[in-house]
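Below: one structure, written as structure tokens.
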Amino acid sequence: MPASARALLHGARATGRVWRSFPPPPADARRRVAYVGWSGNGNLGDDAMIAAHRLLLPGWDVVQVPNHAGLTRLTDAALRRVSVVCLGGGTLVLNGHFRETLERLLRAAPDAPRVVLGVGVEDLGFREGRRAGVGAEVEAWRPLLTQFDRVRVRGPLSAGTLDSTGIEAVVTGDPALALPPQSPAAHGLATGTTAGTRVGVNFGVTDDLWGGDHAAFRATVVAAVGRLVAAGHQVALLATTTEDHAHLTRVAAECRAAGTPVQGPNAVTLAALDTALAGCAVVVGEKLHALVLAARLGIPTLALEYRPKCRDFQLSVGRGDRVLRTSDLDVDTLVAFVTAGLAAAPTERAPLRAAVQERTTALGHAAEQMRLAMAVAA
């Protein structure tokens, strides 16, 4: 097989649907919903968000759209079979890659209803690395978003960014909040009948972050973990992506070699993550969905804001004061941040559960509105 063909096949497999992209819908699905997102790529957050869409849209066949630009000629005919276009979860808006995917889909299915449950928006003030060109995307996204029945977003920062560009949006929440516990151990947390004792710590491989210094950030977190363990706390390393699992496995080995016992990382499945979360009193998280998936279980979240999307989510559940930007980190500051979060956790669980319930209610109502808009295709 030529190298170019192998590369194309590899990219297709990464979407989770190889050449079977958009197969005939199952008998129990009324219609096909084409979902723009990033599921099937070893990221639990993206997988949780599409699972939440499927949960909230029963009877519809919600299928990930292939993202690889090279698949255009292979999928255009199949894309015409879709009945509904769904801009999925994740920080998609003002991202050029997802714009190109959405444009291709809208051209192929011009008459399909357009719906969105709770999308994230890139922050115009974040110009690190590949996000340096976000501002140039505004004019390209505006006509796309005006085609949707209503623009629903993850959090207040996302809504504010769109408002500044003349697009009205309503905050519903991160779709993954609607996903129920995926392991028996996590059910007690979600209802408030149990609480963990460990400090869950998530950090990993990123493409862009505030400050841009990955090595310094990693060293700071590892040193803070050592200090927390020395102070008598149990630490569990939490993985939400396959890349981060490999990274955290190396971190765990380094910690143990230095005499710092840590638990984890968990296997990269939703059930394994929920089982690990069940033992946590708080979660200190860099990755957005380490925060989201913990918060949905009522675990107080302490965000290491590597990109504005982490603050966006924390604000959406009333935890905007529990955010520390990666560019502002040092070991003492991080240890104090976690220690304060642990002390406050017993009184913050109930307000967090109430805030999450408000978000899940909003997501449920949004899904009802989406189904009404989608009914013309049924």
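Quick rundown of the values:
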quantity: For Val282: the one exception among (1) assigned to a helix (DSSP H, G or I); (2) of a type in the set (A, V, I, L, M); (3) farther than 27 Å from Trp38 by Cβ; calculated: (1)
quantity: Complete set of residues in region 225-245 that are more than 16 Å from Ala290 (Cβ to Cβ) and part of a helix (DSSP H, G or I); calculated: Gly226, Arg227, Leu228, Val229, Ala230
quantity: All positions within region 123-143 that are free of Cβ contacts under 8 Å to residues at least 40 places away in the same chain, of a type in the set (D, E, K, R) and touching a helix residue (DSSP H, G or I) at 6+ places or on another chain (Cβ under 8 Å); calculated: Arg127
quantity: Qualifying residue in region 244-261 (condition: in contact with a Phe, Trp or Tyr (Cβ under 6 Å, 6 or more places away or on another chain) and over 20 Å from Ser183 (Cα atoms)); calculated: no
quantity: Considering residues of region 191-217 that are assigned to a helix (DSSP H, G or I) and over 15 Å from Ala303 (Cα atoms) only, the residue modelled with the lowest pLDDT; calculated: Thr191
quantity: Asp208 vs. criteria under 20 Å from Glu305 (Cβ atoms), surrounded by fewer than 24 Cβ atoms within 10 Å (Cβ to Cβ) and touching a Gly at 6+ places or on another chain (Cβ under 7 Å); calculated: yes
quantity: Single match in Leu189, Leu248 (criterion: touching a helix residue (DSSP H, G or I) at 6+ places or on another chain (Cβ under 8 Å) and either over 20 Å from Gly264 (Cβ atoms) or not assigned by TED's automatic domain parsing to the domain that holds Ala52 (or both)); calculated: Leu189
quantity: Tally of residues being in a loop (DSSP other than H, G, I, E, B) and among the polar types (S, T, N, Q) across region 88-125; calculated: 1
quantity: Residue match in region 177-184 (condition: assigned to a loop (DSSP other than H, G, I, E, B), on the phi > 0 side of the Ramachandran plot and under 22 Å from the mean Cα position of the chain (by Cα)); calculated: no
quantity: Test: residue in region 232-245 that is in contact (Cβ under 8 Å) with a residue 12 or more places away in the chain, surrounded by fewer than 19 Cβ atoms within 10 Å (Cβ to Cβ) and over 19 Å from the mean Cα position of the chain (by Cα); calculated: yes
quantity: Filtered residue count, region 325-378, keeping only those that are in contact with a Leu (Cβ under 6 Å, 6 or more places away or on another chain), farther than 16 Å from Gly285 by Cβ and small (Gly, Ala, Ser); calculated: 2
quantity: Matching residues, region 149-184, being among the acidic types (Asp, Glu) and within 14 Å of Thr91 (Cβ to Cβ); calculated: Asp174
quantity: Enumeration of residues in region 183-201 that are hydroxyl-bearing (Ser, Thr, Tyr) and under 11 Å from Gln234 (Cβ atoms); calculated: Thr197
quantity: Check on Arg154, surrounded by 14 or more Cβ atoms within 10 Å (Cβ to Cβ), touching a Phe, Trp or Tyr at 6+ places or on another chain (Cβ under 7 Å) and within 21 Å of Gly37 (Cβ to Cβ); calculated: yes
quantity: Test: residue in region 217-228 that is among the basic types (Lys, Arg) and under 30 Å from Phe126 (Cα atoms); calculated: yes
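Yes or no, residue by residue, for (1) surrounded by fewer than 20 Cβ atoms within 10 Å (Cβ to Cβ); (2) assigned by TED's automatic domain parsing to the domain that holds Asp213; (3) in contact (Cβ under 8 Å) with a residue 60 or more places away in the chain; (4) assigned to a helix (DSSP H, G or I):
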residue: Gly318; (1), (2), (3), (4): yes, yes, no, no
residue: Ser327; (1), (2), (3), (4): yes, yes, yes, yes
residue: Thr333; (1), (2), (3), (4): yes, yes, no, yes
residue: Ala336; (1), (2), (3), (4): yes, yes, no, yes
residue: Ala340; (1), (2), (3), (4): yes, yes, no, yes
residue: Thr347; (1), (2), (3), (4): yes, yes, no, yes
residue: Pro351; (1), (2), (3), (4): yes, yes, no, yes
residue: Ala367; (1), (2), (3), (4): no, no, yes, yes
residue: Arg371; (1), (2), (3), (4): yes, no, yes, yes
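Yes/no per residue for (1) crowded, with 23+ Cβ neighbours inside 10 Å; (2) at positive phi; (3) in a loop (DSSP other than H, G, I, E, B); (4) modelled with pLDDT under 95:
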{"site": "Leu8", "(1), (2), (3), (4)": "no, no, no, yes"}
{"site": "Ala12", "(1), (2), (3), (4)": "no, no, no, yes"}
{"site": "Trp38", "(1), (2), (3), (4)": "yes, no, yes, yes"}
{"site": "His53", "(1), (2), (3), (4)": "yes, no, no, no"}
{"site": "Pro66", "(1), (2), (3), (4)": "yes, no, yes, yes"}
{"site": "Gly70", "(1), (2), (3), (4)": "no, no, no, yes"}
{"site": "Asp76", "(1), (2), (3), (4)": "no, no, no, yes"}
{"site": "Val82", "(1), (2), (3), (4)": "yes, no, yes, yes"}
{"site": "Cys86", "(1), (2), (3), (4)": "yes, no, no, no"}
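The values are calculated or read from the model by the stated rules, or taken from the named source; none is laboratory data. Note that the coordinates shown come from a computational prediction; the quantities given were computed from them, not determined experimentally. A quick note on method: Cβ atoms are made from the backbone with ideal geometry, for glycine too, and the neighbour counts reach across all protein chains shown.
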